[in-house]
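Worksheet for the structure shown next.
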Amino acid sequence: MQKRLFLTRIIRLAGNEVTAAFRDGRMILLAFASWIIFFSALYIGYSYYRTASADRILSQHQVRQLWLQQEDKNPHAAGHYGTYTFKPLSIFSIIEKGTDPYTGEAIRIETHKQNPPEVRTAEDTTFLLRSGEFTIGFAALYIIPLLIIIIIHGMISKEKEQGTLKLILSQGITKTQLLLGKVLGAISILSVSILPVAVVSGWIIFKNVSTEENVLESAGMLLLSYLIYFMIFLFISIAVSAACETTRKSLLLLFTFWIMVCIIIPKLSVFTAETLYPTPSAYEFTENIEKKTFQGGYESISHWQDLNKKAEKKLAEKNKTNNSKAPSVNVFGYALQLLENEGHTTYEHNYRRIDSLFMLQNKTHSLLSVFSPFTNMKFISMGATGTDVGEYFHFINSSEKYRRSMMNILNKDIMEHQKNKEYKGNEKLWKQVPDYSYTPRNFETRCSDYIFNVQLLVLWLIFSVFTVVFFIKRLNL
């Protein structure tokens, strides 16, 4: 009986909140406004996904055909002709684009050089768009916390102003029932704005995942993380409303909190990370590689002479003779492979240095996320959707493995078949180079990078629960 009365009072309190919220029509208007924002973001995100995904698939097919249909030529010339690799787009990009617009979607594959990703969509957008992609994730991270603040800021402080709080508590309703009733009421009100968008987004995602793996895991991770993120703002909003005597003060404090954790702290953490670990310019990076790889000149004569001597010596050692008896074409092909190996070492050294700086920046940004649930949620969202820095490095490594395999095939053909300078490869050789296929990291690998952020988000939830319980207990008749 007591348990039934306990639940009845909670449901009645929640019902009163819902009725009061929609009585004057403002919440209906707010719900429609949020639907316009969310569904607009969903439409834009899905349109971008369909267009960009189709473009990348078509581009990968076209560069493959161009590679196969190239004229007969020396395999080394074909290596300079090269091709491209394109990073496939995940359906989860409709929710979170992450680093994709800033890191590039294609890599040129050619002999001797490890090129960085190209075609960055952020380069073609305005400064306003570059400061935040308009997606469902953007709306969830920024707009829904604001919606929570608007709905909840006066739930208790307004009753203090009107004198109804004492009346409620004097009727036998406990503070625990009051808190649970407010929470249930707030969730019910917010569901009107959020639930339709979540259902439609989920339907679109599962409709377009025929070729993707770990969809359920990624979707579940996103859903659970966003629920925790929203509950943090919900509990803190109720706590502030309980702590303040007026709705104006409550609204001001909550807006200040939103600005701090969603805008100021994330921007400051990025600035701090870039200041502590600055990256060299593209010109400095390229110049350093050319100096170490080509001795100041691309395939300079002196460098080629050294490589040929080294190739002759290594071939002589392989043939167990003092002087190489191998044909000159074999020396040329072997020298080409030596040049590739030399480039591998230099590029790996320089890229590893740059990558370590990026990872240090990312780690610093992540450590400073202790002050902001927003930053933690952003990291988790990028990890779950595969649009984070780790996936960017994985794409680069995948493309480089493909490039090395391609150059090995071409150089091996020169060593085995070139008898004179007029030797040419043909379509049979081009087909030996496999088509590029990208396999994203699995869910466990992606999310393992953000366990720290998950823990911080849970700590924020625990903190918000203790905060709201503390201020609810301090309510007096």
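Does LEU13 meet the test of being touching a helix residue (DSSP H, G or I) at 6+ places or on another chain (Cβ under 6 Å), part of a helix (DSSP H, G or I) and of a type in the set (A, V, I, L, M)? Steps first, please.
Numbers: touching a helix residue (DSSP H, G or I) at 6+ places or on another chain (Cβ under 6 Å): yes; part of a helix (DSSP H, G or I): yes; of a type in the set (A, V, I, L, M): yes.
Yes, satisfied.
Would you pick out the residues in the stretch 154-174 that are among the hydrophobic types (A, V, I, L, M, F, W, C) and not in a helix (DSSP H, G or I)?
MET155, ILE156, ILE173
Applying the selection to the stretch 238-270, what residues are in contact (Cβ under 8 Å) with a residue 60 or more places away in the chain and among the hydroxyl-bearing types (Ser, Thr, Tyr)?
SER241, THR246, THR247, SER250, SER269 - these are the residues of the stretch 238-270 that are in contact (Cβ under 8 Å) with a residue 60 or more places away in the chain and among the hydroxyl-bearing types (Ser, Thr, Tyr).
Is there any pair linking a residue in the stretch 406-422 that is at pLDDT 75 or above to one that is surrounded by fewer than 16 Cβ atoms within 10 Å (Cβ to Cβ) and among the polar types (S, T, N, Q), with Cβ under 7 Å and at least six apart or on different chains, and which?
ILE409/GLN432
Any idea which of (1) in a helix (DSSP H, G or I); (2) under 26 Å from VAL389 (Cα atoms); (3) open to solvent by 50 Å² or more (accessible area, probe 1.4 Å) is the one GLY45 doesn't satisfy?
Failed condition: (3).
Starting from residues that are over 19 Å from GLN162 (Cβ atoms) and either open to solvent by less than 10 Å² (accessible area, probe 1.4 Å) or of a type in the set (Asp, Glu) (or both), keep the ones in the stretch 238-255 and report whichever is farthest from the chain's Cα centre (by Cα).
ALA239
Kindly establish whether ILE451 is loosely packed, with under 13 Cβ neighbours inside 10 Å, of a type outside the set (Lys, Arg) and farther than 30 Å from ILE173 by Cβ.
The answer is yes for ILE451.
Residues that are within 25 Å of the chain's Cα centre (by Cα) and not small (Gly, Ala, Ser): find the helices (runs of 4 or more DSSP H) completely inside the stretch 372-477 holding 3 or more of those.
Qualifying helices (runs of 4 or more DSSP H): 373-385, 389-417, 443-448, 451-473.
Quickly run through the stretch 133-153 and pick out the residues that are at pLDDT below 85 and either under 23 Å from MET231 (Cβ atoms) or buried (at least 17 other Cβ atoms within 10 Å of the Cβ) (or both). I'd like the intermediate steps shown before the answer.
Here is the first cut: in the stretch 133-153, the ones at pLDDT below 85 are 133-135.
GLU133, THR135 - these are the residues of the stretch 133-153 that are at pLDDT below 85 and either under 23 Å from MET231 (Cβ atoms) or buried (at least 17 other Cβ atoms within 10 Å of the Cβ) (or both).
Within the stretch 397-433, work out how many residues are within 30 Å of MET359 (Cα to Cα) and buried (at least 21 other Cβ atoms within 10 Å of the Cβ).
Of the residues in that region, 4 qualify.
When PHE271 is evaluated against the numbered criteria (1) surrounded by 14 or more Cβ atoms within 10 Å (Cβ to Cβ); (2) among the aromatic types (Phe, Trp, Tyr); (3) within 25 Å of the chain's Cα centre (by Cα); (4) at pLDDT below 90, which criterion, by number, is the only one it fails?
(1)
Could you tell me whether TYR436 is modelled with pLDDT of 90 or more and surrounded by 18 or more Cβ atoms within 10 Å (Cβ to Cβ)?
For TYR436, the condition - modelled with pLDDT of 90 or more and surrounded by 18 or more Cβ atoms within 10 Å (Cβ to Cβ) - is met.
Give the residue, chosen from PRO101, PRO116, PRO75, that is closer than 26 Å to LYS378 by Cβ and in contact (Cβ under 8 Å) with a residue 60 or more places away in the chain.
Selected residue: PRO116, the only one of PRO101, PRO116, PRO75 that is closer than 26 Å to LYS378 by Cβ and in contact (Cβ under 8 Å) with a residue 60 or more places away in the chain.
Scan the stretch 106-132 residue by residue and report those that are hydroxyl-bearing (Ser, Thr, Tyr) and at pLDDT below 60.
THR125, THR126, SER131 - these are the residues of the stretch 106-132 that are hydroxyl-bearing (Ser, Thr, Tyr) and at pLDDT below 60.
The values are calculated or read from the model by the stated rules, or taken from the named source; none is laboratory data. Predicted model only: the values in this text are computed from it and were never measured. We place every Cβ from the backbone using ideal geometry, glycine too, and count neighbours over all the protein chains shown. Protein only, heavy atoms only, side chains kept; ligands, DNA and RNA dropped before computing areas. Shrake-Rupley method; radii C 1.70, N 1.55, O 1.52, S 1.80 Å.
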